[in-house]
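> One structure coming up, written as structure tokens, with questions to follow.
Each reported figure results from applying straightforward, stated rules to the coordinates on display, with no laboratory input. Note that the structure is a prediction, hence the values are computed from the model and not measured. Glycine gets a Cβ as well: all are built from the backbone with ideal geometry, and neighbour counts include every protein chain shown.
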Amino acid sequence: MNRFALSAAGIATVSMGGSALAAVVNGDHGLDRWAGEHSWQIASSGGSLVASMYVSGSLLYGGVSNISFVSNTASSHFGNVYFNMDLAAGTYTVSMQDSYGDGWNWNSYQGGLTISGSAVSGGVASGTVTGSSASFSFTVLPAPGAMALLGLAGLAGRRRRRA
């Protein structure tokens, strides 16, 4: 195998690792009138906490970026918090709680948490709390560009052997 093929394979491997970490996942936290009762955590399949939300005087989010708040939307009495997360490929579990135990609702509005994005398997994963807790899982897929580079590395190695 020549040096070019080895270099291409090395670049593809590094790119694959970097791309897997750069999958952007979107979140939408629908807040009911009593949003201070809400909390949630997102854990990787290995059990590591990657993102969370809880209340300590105000809404506090960890492991997320690009946080924006839209108050009194058509779908929420209190508002929606939108955010992004950079997650590696894999399966994640969301655990949601309501400390009062009445769910994430106020009158007819049912709040919840939605995870979406092109990297999320199935497009959208969402959950709502109807009692004191709920959970759901979602899967982040590897970036397609990383797989393409790996394929190119294989083709470069194969072409050289034929010549």
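> For Trp104, what charge total do you get from the other residues with a beta carbon under 15 Å from its beta carbon, if Lys and Arg give +1 and Asp and Glu give -1?
So the environment of Trp104 carries a net charge of -4.
> Compactness ratio of region 24-142: Cα Rg over 2.2 N^0.38 Å, N = residue count?
Against the compact-globule rule of thumb, the ratio is 0.99.
> Follow-up. If you take every residue apart from Ala51 with its C-beta less than 14 Å away from the C-beta of Ala51, what net charge results, scoring Lys and Arg +1 and Asp and Glu -1?
That works out to -2.
> Sort Ser45, Ser52 so that the residue with the fewest other Cβ atoms within 10 Å of its own Cβ comes first and the one with the most comes last.
Ser45, Ser52
> Let me ask something additional. What is the sum of charges around His38, taking Lys and Arg as +1, Asp and Glu as -1, for the other residues whose C-beta is under 10 Å from the C-beta of His38?
-3
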